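See below for the structure under consideration.
Bear in mind these aren't lab numbers, they're just calculated from the coordinates by the rules spelled out. Keep in mind the model is a prediction, meaning the values are calculated, not measured. Cβ placement follows ideal geometry from the backbone for every residue including glycine, while neighbour counts extend to all protein chains displayed.
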């Protein structure tokens, strides 16, 4: 379908969503620390950022993701305040090593080649797989601490493929069934939890969108 330059596309209907939480590996904000210790914040470019820019005016909207660098604990309150008040964002904090092993070591060295039919380029390392599990758990814990009844959580791409199951386990683990509980327990094995103790939120919807191809069963196996 094409539209003329003056024709407006219909406004999406968000009436059935009380609050949308978009989760991606990186926040759509570039943060730079200047020489005087102050931080600059700038919107990043990209297809996902552009596609979701209109959501802010249509519904209660929060974006959760890694900030792209290690923010010292003494600066986090300031950074979080600006992210929330100016950009409707919430930060996930990962150490430099954890972020590198999660993103470069596993996501882009295992999943990206696999999903694009280049299994010969895969380079497996056990420590990177453990980092992938831990990073996904840290995301799940951050989201869980922010959830409100009725929220819709939309997880983006292959960097966070374990996140929906981990988050569902925190929200409603007792109703996942034996297989689901076993899988969550294995994913969490050996990783120290940082989850906030709270009453589980109700009526949470989880969605996942993969931004790459998905390989045939012959390749994936």
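Taking 7 Å along the Cα-to-C-beta vector as the label spot, tell me the residue 74-residue 122 distance in nanometres, rounded to one decimal.
4.6
What does the helix-only formula give at 222 nm for the chain: each DSSP H stretch with n ≥ 4 adding -39500 (n - 2.57), the total divided by the residues, and the result rounded to the nearest 500 deg cm²/dmol?
Theoretical 222 nm ellipticity from helices: -10000 deg cm²/dmol.
Assuming 0.36 nm per residue, please report the length gained on full extension of the stretch residue 216 to residue 203 beyond their Cα-Cα distance.
Here the answer is 1.3 nm.
Could you tell me what percent of the DSSP beta bridges with both partners in the stretch 19-220 are antiparallel, to the nearest 5?
20
I'd like to compare 205-216, 96-107, 65-76: which one has the highest average count of other Cβ atoms within 10 Å, and what's the full order after that?
96-107, 65-76, 205-216
Full extension from residue 194 to residue 36: what is 0.36 nm times the residue separation minus their Cα-Cα distance, to one decimal in nm?
Computed gain between residue 194 and residue 36 is 53.6 nm.
Pull out the extension gain between residue 149 and residue 179, defined as 0.36 nm times the separation in residues minus the alpha carbon to alpha carbon distance; nm, one decimal.
Using 0.36 nm per residue and subtracting the Cα-Cα distance, I get 8.2 nm.
What Kirkwood radius, in Å to one decimal, follows from the Cα pairs of the chain?
19.0
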